[in-house]
Amino acid sequence: MFEGIQRNLSEALKKLRGRGRITEANVRDAMQEVRRALLDADVNYTVANDFVQRVTERSIGQQVLRTLDPSEQIFKIVYDELVALMGPVDTGFHFAKDRPTVIMLCGLQGQGKTTSAGKLALTLRERGRKPMLVAADLQRPAAVDQLKVLGDQIGVTVYSEPPPVSPVDVCRRALDHAKKYLLDTVILDTAGRLHVDEMPMDELRQIDRSCRPDQVFFVCDAMTGQDAVNSAKAFNEALDLNGVILTKMDGDARGGAALSIKSVAQVPIKFIGVGEKLDRLEEFRPEGMAQRILGQGDILSLVEKVASIQQQIGEEERLEQQRKLEKGDFTLDDFRKQFEQMKKMGPMKDLLGSMPGMSEMISEDEDPEKAFTRIQGMIDSMTKEERRNPDVIDINRRRRIAAGSGTEPPEIKQFLAQFTQMREVMRKMSQMSIWERVKMVTGMGQKGAFLPGAKVFNKKGDTGHRKSPKERAKERKNKRKKR
Amino acid sequence: MVFRAIFEKLKVGLSKTRGVFSGFASLFRLRGKVDRNFLAEMEKRLYLADVGVTATFLIIEQVRQSFLNKEIGEDVETFVKQQLKEMLTAGEGISYAANGPTVVMVAGVNGSGKTTSIAKLARRLQQDGKKVLVAACDTYRAAAVEQLTVWSERIGCEIVKNQQGSDPASVAHDACERAKARGFDVLIVDTAGRLHTQKHLMRELEKIHRVVARQIPGAPHEVLLVLDATTGQNAIAQAENFEKAVRCSGIILAKLDGTAKGGAIFAIKQKIDLPVKFVGVGETLDDLEPFDPDSYVEALFA
C-alpha cells in the first residue's frame, strides 16, 4: 500500500523535485492519494476529508527542500499531522489515595473487553498495585467463567456473584469487598452492548453513578470501520470516556478507527492489545499508529531522513550566512532567509530580540507578524540585483518597489537605512570576542527587545537642543574620521 | 415478513444515531441533476457504510456513465439499488449432504460472533427438523467451551467437548464419529477465533478441516466465515485469508443490528465471490436471518 501511495505521489510531484514551492495544484493529486490511504485504513470519511483539507492548507507555500523528493516531504507533513492529532498520550493512571481506584471498561460486543481487563490487571500489578477484577458481564454465557480463568492465570482476585443479580449491584458490592480486603484498584468488566440500545446503555450510566469510576475506558477493535465514530460518540456521551484501548492490533488492520475516535470524540487512545496472551498490552504510540495508518512501509526512516536533511540544510545555510556576515556581504536575500527561519521557530513577538536590529524595524504599535510580512513584501518586490546590492536603489526603484509591496517609498528608504545599519552591526559582531558580543547583545536586549522602536545603534547623545545644519555637518565629519 | 423485521431494526438503530447518517433517505429526493455534488454525496454514503474505495469507485462510475446530467429521480434510485443488488446474491441457506451428516464448519477472527451465530444457526436448523450436534473446538480461549455448553443447553442440542487446552482437531474427530454413529443430520463445528495473520493458527484450522474431511467424505459441506458488520476494510483481508486456508462457502454477517452496515461484503463478493448466507440482527436466538440483498440494499439507503 505504502509503495503504491509513494509511487503515485512521486508521479504527481516529479516536476517539483528540488525547486519551487508546494502549491495547491501540485499538492492536490498527492492529497488524493493520502485520502485514499486513509479511507483504506478505515478512517472515517468525514474525518479523512477534514484531515486532508487541513494538511493541504499547511503544505501549500512550503519550500521544497533540495535533495528531497517532494512526495517524501508531503508525506512527512502528513505523518507529523497524524502524530500531532493522535498524541500526546498519557498512560499513567491517576490513583485515589483514600479509597480503591475504580477503572471501568465498556464497549460493543466482541471487542475484547474481558481479555483487556485481564491484561490491565496484570499491568497494574506490575506497577505495584493490588488489582481486583469484577465480573459485571452477566449477559454473555460463561463470561464470568472466562474472567475467573484469566484471574487464576495471573493470580488476581475476581469478584463475582451467582445469578440472578444485577450488574449494578455486583459492581457496588465489589467496591465494598475491595475496601474490606484492601485491594486498591478495581477493574469493572461490563457486558458488551450496542450504543443504540437504550436499556443497556442506561445500565452503564447506573454503574457509573453508583461506583463513580476514576477512569472509564472504551474498548475498541482495531478492525472497526466507519461505525467507530458512532459508537465512540454514543459511549462518550453516556459515560464521559477517559481513554480507549485499541485491541487486536496484532492483526493487519490499519486501525484508522484510532484517528476517527480521537478526532470525533476527543478521547485519546491509551493502550493497544497486541496478542491473546495476557502480557500483550502495550502503551499507545502515536508514531507507530501514524505509520500504520499510512501503510506498511518504513515511514519512520523516511521521516528521519527528511528531518535530517532539514537540519542539514539549516546548518549549511547558517554557516553560509555566518561566513557572509564576516565578510560584510550579508544581502537582503540572506536577511529574508533568516527571518523565514525565525518564523518557523515560533511567534514573532518572542523572537524579536533574538535577531540584532530586528526590533529597530518594527514600530511599537505594529503587530510584529504584520510588520514582517510587510518587510518580506518589500524584499520580494526587489530585483535580484537590488537585493544583492541595495545601493543601486534610487527613487525610481523605490517607487516601483513600494507599488509592488503596497507600501510608500519613504518606508522603503527607512527600511534600507536600517538594514545597512544592521549589516554593519552584524559585521562588527561577527568579529568581536564572545565577551564583547555578550555585552552587546545584553545591551541590545535592554534597549532593543524590551523597548521596540528604540534606536540601539547610531547613538547620538542627547544635546538638549535641535542641532543646526552646521553642527550636524561637523558631527558627520568626525564620525567619518573615526572609521 | 422477516426482512421487514431486519429493516425495521436497522431503521430504529439509525433513528437513534443522528449526525453521520442523518438525511440518508433524502439522497434520491434531492432536486436537480446528477452532478458532481450528487455523486460526491452518494460516494460519502457508500464510504460511511464501509463499502470501501474500490467498490465505491465502481458504483459511482456506473452511475456517472448512465446518469450524468440527467434529472435525479426514481429511475436513478432504481438503477443504483439494482446495481448494488446485482453485486450481491441471496443467501441460499445450508446445502446438505446427500446422505450422512452434513458438516458445517464455522471460523472467524476473535470476537466476530462465532459462538452466538452457531447457537442461532443450530436453533434455526432444529426448527427445520434437523438433529443438530455441535463440536466445541475452541479449546483455546478461557471458558469458550462453557459458553457453547450454556448455549447448547438453552437450545437443547448435544455437544461434543473436551477440556480447555486439548487438541481442537481431536474434538472435531470425536464429533464426526459421534455424528455418524448417532445419526445426526448436522454437525456444527465451532473453532477458536484467530486473526488471519497468525500463520500457525491458520494451519491449525486447516488441520481441523482435513480431519473432518477424512472422517466424513465430502465434509465440511459448508465453511461459514463469521464477519462482524462493524469491521471495516480488514474484512476483505479476513475473507481472502480464511478462503485460502479452508475454502469458505459463505459468510455470516453478524451484529447488523447496530449502526454499522458491513459494506465490505460488496468488495468480498467482487474479489473472491464469497456470498453472504446469513445475517445476525439481534441478541436473541431467533435473530439469524437468511441474507436478502433487497432489504440489505434498502437498509443501506434507509
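The values are calculated or read from the model by the stated rules, or taken from the named source; none is laboratory data. It should be emphasised that the depicted structure is a prediction, and the values quoted were computed from it without experimental measurement. No Cβ is skipped: glycine too gets one built from the backbone with ideal geometry, and neighbour counts run over all protein chains shown. Side chains are part of the model used for accessible areas, which takes the heavy atoms of the whole protein and leaves out ligands, DNA and RNA. Shrake-Rupley method; radii C 1.70, N 1.55, O 1.52, S 1.80 Å.
Observations, loosely collected:
- For the stretch A:382-402, the set of residues classified as open to solvent by 90 Å² or more (accessible area, probe 1.4 Å) and within 20 Å of A:GLN321 (Cβ to Cβ) consists of A:LYS384, A:ARG388, listed by residue number.
- Subset of the stretch A:138-155 [more than 10 Å from every other protein chain (Cβ to nearest Cβ) and either open to solvent by 40 Å² or more (accessible area, probe 1.4 Å) or over 21 Å from B:GLN147 (Cβ atoms) (or both)]: A:LEU138, A:GLY155
- Residue count for the stretch A:9-50, restricted to those that are open to solvent by less than 10 Å² (accessible area, probe 1.4 Å), modelled with pLDDT of 90 or more and part of a helix (DSSP H, G or I): 2
- Candidate set: the stretch A:206-233, residues that are assigned to a helix (DSSP H, G or I) and open to solvent by 20 Å² or more (accessible area, probe 1.4 Å); chosen: the one nearest to B:HIS200 (Cα to Cα): A:LYS233
- Listed by position, the strands (runs of 3 or more DSSP E) inside the stretch B:230-302 whose residues that are surrounded by 19 or more Cβ atoms within 10 Å (Cβ to Cβ) and not acidic (Asp, Glu) number at least 3 are B:250-254, B:276-280.
- Criterion (under 21 Å from the mean Cα position of the chain (by Cα), within 26 Å of B:GLY280 (Cα to Cα), open to solvent by less than 10 Å² (accessible area, probe 1.4 Å) and not acidic (Asp, Glu)) met by exactly one of B:VAL80, B:VAL51: B:VAL51
- The stretch B:128-168: number of residues that are in a strand (DSSP E or B) and facing chain A (nearest Cβ under 8 Å): 0
- Candidate set: the stretch B:217-243, residues that are under 13 Å from the mean Cα position of the chain (by Cα) and small (Gly, Ala, Ser); chosen: the one farthest from the other protein chains (Cβ to nearest Cβ): B:ALA239
- When B:LYS120, B:LYS70, B:LYS44, B:LYS130 are checked against the criterion of being out of contact with any Asp or Glu (no Cβ under 9 Å at 6 or more places or on another chain), open to solvent by 10 Å² or more (accessible area, probe 1.4 Å) and at pLDDT 90 or above, a single residue qualifies: B:LYS44.
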